[in-house]
Every structure is written in structure tokens, then in C-alpha cells.
Amino acid sequence: GINAEYGGANAGIIGMTKEHLGLSLALGVPVFVVVTKIDMCPPNVLEETMKLLVKILKSPGCRKIPLLVSSQDDVIVSATNFSSERICPIFQISNVTGQNMELLKSFLNLLSVKNVYREGDTVEFQIDDTYSVPGVGTVISGTCMRGSIKINDTLLMGPNSLGEFKTILIKSIHRKRLPVKEVRAGQSASFALKKIKRADVRKGMVLVSPHSNPQAIWEFEAEIRVLHHPTTISVRYQAMVHSGSIRQTASIVNMSVQHMRTGDKALCRFRFIKHPEYIKADHRMVFREGRTKAVGNILRVFPDAPPPSRGPKRDKMKAIYPGRRRRVKSFNDRLETTETK
């Protein structure tokens, strides 16, 4: 992937920009910077913003080579050397006057694809968002990671809360707001699903081939490095796991060390809290909660891990105090009660 940092020239470098830059460096993602609103920014403020930006990029933590793009020659040099992850192009643009917009568009068009997508492999489509369109039904959007998908293809969608994959039919395909007949690996698209409710679809699900035998994963092992944590991390610590389109809270079940602090690295076994996910080894992940941030690689998954049980104490309490449904009186019942009184 590629991370583009956008910041207003008059606002300077805010905390979110520094946070995104830190995560990009930790994950090894190439970065380019776009400084916007230069039409309304005073020259002295723009100069101070650029000095601070260059200072951060040249700092020992970043070790980037900033390059201010001002011509087509700079665009070609920055695009050809961008995959080295050392060079960091900087664009100064204005959406009002259109200044340097052509340079940014040329740079984006010249970028090479970093990820290798396999078209002849089995289908795998990551769901990034869901919609409910009037007259159409449930619509999903995402990226095709492997294989190719055509109209009227039958695929498996999941996993749901029980770890099951449901058979679905692709009714129509849209790419860049235009109807198409096929989507290949590396392309993003939207699918209209047939006879599927929006409540049955969530972000993080996948569409896979029926012959791929997909498995829902409750537990996985990853090697993580703690970028920042105010105290210590130990077993049973819970935080949000980000991996691809997956967003779910996970708990640490086991660790190779007793405690972890800022800068420590360890093997950890995680367990999802709410429902299983379709996750594989060699995926990158971010583990965060509040100001706590950790990054790492998923080493292996455990498909045989059982789903979590509620525990005997909770079952016993439910047996002693069974839940009672509140009975809503109808209009006739209230009328009879009034007449009796």
C-alpha cells in the first residue's frame, strides 16, 4: 500500500499527521506528502510549515529524503524512485486555483503497483463497506485480492458470528460508477447481492470461491513490537486489531514474555472477542487501544480453536434468574382493565 499524508499549510503539522507517519514507518509503507490550501496561507507560515516538515522527515526516526516536486522532471524522478521507501515527495497544491494539481495527477499515474495480484488463482474479495440502495438491495464494496469475479458467479461470503460461510450470487458489478461484467485481481469494485440482507453483511467479511474450503479463525499467533504504551502489557490485555479490512477487539491469550513495555518485541497469541474472522499468515496487523500502538506480522493461525464459552457461572445465574419478556398490553386489555375498575 501507499500512504498519502494531507495537511493544510495554514494549520501546520497536526498530531494526526504525525500518528499516520509513525504507523507508515512501522509498517514499511512508502509515504508522500501533500500540502494543501497554499492559496490562503501567508508565505511566512508556509515557510515555517515546510521547515518543520523537512526536519521531521530527516530526523533519525524517519530517515527520509524529502523532495519538493515543482516540475515534470521532479515527478518522473520521484515516481521511479518511490518504491525504495527512502525518497518522500512533497507536493504543494491548491484546490481553489488548481496550482500543481497536474503534477500530483501525473505522479499518481506513474506509480507502479507494489502488491503482486494473482488473477489465475482462486477468488478472494475483501469487503470494505456495505450499503442499502433503494430499488437495488444490498451492495458491498471492496478490493479483489485474487482471481476474477463475473456477473452471476456463485461465491461464499463469511464468516458470520457462528463461523459459517453463506452462498451468495453476484447480481451486478460496478467499477468507478460504471457497470462492468468482470473484476480482476487488484481492482476495487461494488457488487449488488441477490436475496441478502444488509444486516447479514459486515466489514471484514470476504467473498471466496466455493472450492477454496475457507475457515473461520478465532485464534492466531503474531510477532508484535510495542511502539508506545504508558505502562505494561500482559496476558488478558484487550485492544483493537486492524488487519486489512478486519476491525475487531482481541485479547492476548499467551505471551513469550511475562510483560511488554514500549519498544519490546514478543510472540503473542490472540483471540477474537466477538466473532471469528477470515485471516491468514503473513498478514500485517496493527494492535491499538487509546494511545497504545503495536505493529507486527501474523505468523500462524489456529483453525481448530473452539469458540468461547459463556462459563458455568453465567449459565448458573441465567438458570436461577431467567430473563422475563415484558408483556405489552394491547388496547383491548387496557380497556377491560378500565371497565373493571
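The values are calculated or read from the model by the stated rules, or taken from the named source; none is laboratory data. Keep in mind that this is a model prediction, so the values were computed, not measured. No Cβ is skipped: glycine too gets one built from the backbone with ideal geometry, and neighbour counts run over all protein chains shown. We work out accessible area using only protein heavy atoms, side chains counted, and drop any ligands, DNA or RNA first. Shrake-Rupley method; radii C 1.70, N 1.55, O 1.52, S 1.80 Å.
Details
- Taken over the stretch 41-59, the criterion of being open to solvent by 30 Å² or more (accessible area, probe 1.4 Å) and within 11 Å of Ala11 (Cβ to Cβ) is satisfied by Val45 alone.
- Each residue in the stretch 174-187 was checked for being under 22 Å from the mean Cα position of the chain (by Cα) and in a strand (DSSP E or B), and 4 of them qualify.
- Residue check: Lys171 meets all listed conditions (1) surrounded by 15 or more Cβ atoms within 10 Å (Cβ to Cβ); (2) touching a Ser or Thr at 6+ places or on another chain (Cβ under 8 Å) but one, namely (2).
- Residue count for the stretch 261-289, restricted to those that are closer than 18 Å to Thr232 by Cα, open to solvent by 60 Å² or more (accessible area, probe 1.4 Å) and not in a strand (DSSP E or B): 2
- Residue match in the stretch 67-76 (condition: out of contact with any Leu (no Cβ under 8 Å at 6 or more places or on another chain) and surrounded by fewer than 13 Cβ atoms within 10 Å (Cβ to Cβ)): yes
- Qualifying residue in the stretch 244-260 (condition: hydrophobic (A, V, I, L, M, F, W, C) and assigned to a loop (DSSP other than H, G, I, E, B)): yes
- Test: residue in the stretch 230-252 that is touching a strand residue (DSSP E or B) at 6+ places or on another chain (Cβ under 7 Å), surrounded by 15 or more Cβ atoms within 10 Å (Cβ to Cβ) and farther than 22 Å from Pro159 by Cα: yes
- Of all residues in the stretch 1-39, those being surrounded by fewer than 15 Cβ atoms within 10 Å (Cβ to Cβ) and modelled with pLDDT of 90 or more number 1.
- The stretch 115-131 - residue that is among the hydroxyl-bearing types (Ser, Thr, Tyr) and open to solvent by less than 80 Å² (accessible area, probe 1.4 Å) and, of those, modelled with the highest pLDDT: Thr130
- Residue check for Ser112: touching a helix residue (DSSP H, G or I) at 6+ places or on another chain (Cβ under 8 Å), small (Gly, Ala, Ser) and modelled with pLDDT of 90 or more: no
- Subset of the stretch 290-305 [over 13 Å from Ile233 (Cβ atoms) and either open to solvent by less than 10 Å² (accessible area, probe 1.4 Å) or part of a strand (DSSP E or B) (or both)]: Val295, Asn297, Ile298, Leu299, Arg300, Val301, Phe302
- Number of residues in the stretch 268-308 that are in contact with a Leu (Cβ under 9 Å, 6 or more places away or on another chain) and more than 27 Å from Ser24 (Cβ to Cβ): the value is 3.
- Restricting the stretch 105-114 to residues that are open to solvent by 20 Å² or more (accessible area, probe 1.4 Å) and in a helix (DSSP H, G or I), the residue that is nearest to Met40 (Cα to Cα): Lys105
- Listed by first and then second residue, the pairs with beta-carbon distance under 8 Å, at least 6 apart or on different chains, first residue in the stretch 253-280 and farther than 28 Å from Ala216 by Cβ and acidic (Asp, Glu), second open to solvent by 40 Å² or more (accessible area, probe 1.4 Å) and assigned to a strand (DSSP E or B), are Asp264/Arg225.
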